[in-house]
Amino acid sequence: MSIYDKISTYRKQNISLILVTAVSKEGSGPVEVGKKMIYLDTDKAYGTVGGGALEYYAREKCKDLLKTRTNLLETYYLQEGKVFNDAKTLPMACGGKVTLFYEYIGPQETIYVFGAGHVGQALVNVLKTMNFHVTVIDDRKEVIDNFKNADILINKPFVKYIEEEGLKTNSFIIVCTPNHKQDYHVINKVIELDIKPKYMGMLCSPEKLDEYLTSTYKKFGKDIDLSYFYSPIGLDLGGGSPEEIAISITSEILAISNDKKNHSHMRSVFSGKNHYWKN
């Protein structure tokens, strides 16, 4: 299997990676221009950019770039003990100079949608116009069978899916199941397993939020960290149709993903007496 086939396979599996390519070389060195390596978010690597200190450093750099999801062009002198102002020196005796290009390949965010109803479908229709990987979970087979546009469709009880498959750390979780009892079970399972999403939003009214928080504080205590929890969900854009709600939720996801501040979140406007997150 070629390295490009591997990249295609990993993208379908929602495994993020860095593709490292040697783009230039001067003098002696352990790699030729065009050589490639992929480094996965599962801490595995395939291919090579020369071995030794160069490849070790490249792998360490990949770990950082997977966290920031960014690209990088960086040059290295392979001369131990020498200092250069324009590039990093690596502990090698080759004496040459190599430039590597690091390219992040993967989704901007991993998103789980619990509930394949009208809002879930409208939301995924919007999300999949962008670089998001979306998994939709619902225990109603007839609903899942008619759902469109998701990367992965799962017909399984909501909590069972979390227990068996897990959820990625720093992912985005949308909770819009057919009833609030199932919503609560999903959120409480995330809390119980200490999954630490970047964002978890629940579709509900302020009254239902009060009900949920009362039961949650009773179960987990008042000191529970709900800083990543957004309910009522979305930005305060107005409108109540599934399509309008979908745009509101997507806007909130983009604001969190891009670390944008000073937006009017529904949780700030309609949380009432329950200021449940920590600034």
Exercise. Return the residue satisfying two criteria in turn: it lies in segment 1-29 and is under 22 Å from the mean Cα position of the chain (by Cα) and of a type in the set (Val, Ile, Thr), and of such residues it is most open to solvent (accessible area, probe 1.4 Å).
Key: Thr9
Exercise. Can you run down the residue pairs with Cβ atoms below 7 Å, 6 or more apart or on separate chains, where the first is in segment 144-167 and touching a residue at least 24 places away in the same chain (Cβ under 8 Å) and the partner is open to solvent by 90 Å² or more (accessible area, probe 1.4 Å)?
Key: Phe158/His185; Val159/His185
Quiz item: Which one of the conditions (1) modelled with pLDDT of 90 or more; (2) open to solvent by 30 Å² or more (accessible area, probe 1.4 Å) does Ile162 fail to meet, given that it meets all the rest?
Solution: (2)
Quiz item: Within segment 168-175, is even one residue open to solvent by less than 20 Å² (accessible area, probe 1.4 Å), among the polar types (S, T, N, Q) and closer than 18 Å to Tyr112 by Cβ?
Solution: yes
Quiz item: Which members of segment 161-189 meet the condition of being among the basic types (Lys, Arg) and within 21 Å of the chain's Cα centre (by Cα)?
Solution: Lys168, Lys189
Quiz prompt | Close pairs from segment 176-191: first in contact (Cβ under 8 Å) with a residue 12 or more places away in the chain, partner buried (at least 18 other Cβ atoms within 10 Å of the Cβ) and charged (D, E, K, R), Cβ under 9 Å, at least 6 apart | solution = Cys176/Asp183; Thr177/Asp138; Thr177/Asp139; Thr177/Asp183; Pro178/Asp138; Pro178/Asp139; Gln182/Asp139
Quiz item: Looking at (1) farther than 21 Å from Arg69 by Cβ; (2) open to solvent by 20 Å² or more (accessible area, probe 1.4 Å); (3) of a type in the set (Val, Ile, Thr), can you tell me which one Thr129 breaks?
Solution: (1)
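Consider Thr169 carefully, then state whether it is in a loop (DSSP other than H, G, I, E, B), β-branched (Val, Ile, Thr) and modelled with pLDDT of 95 or more.
no
The values are calculated or read from the model by the stated rules, or taken from the named source; none is laboratory data. The structure displayed is predicted, hence computed values, not measured ones. Backbone-built Cβ (ideal geometry, glycine too); neighbour counts: all protein chains shown. SASA here: full protein model, heavy atoms, side chains in, ligands and nucleic acids out. Shrake-Rupley method; radii C 1.70, N 1.55, O 1.52, S 1.80 Å.
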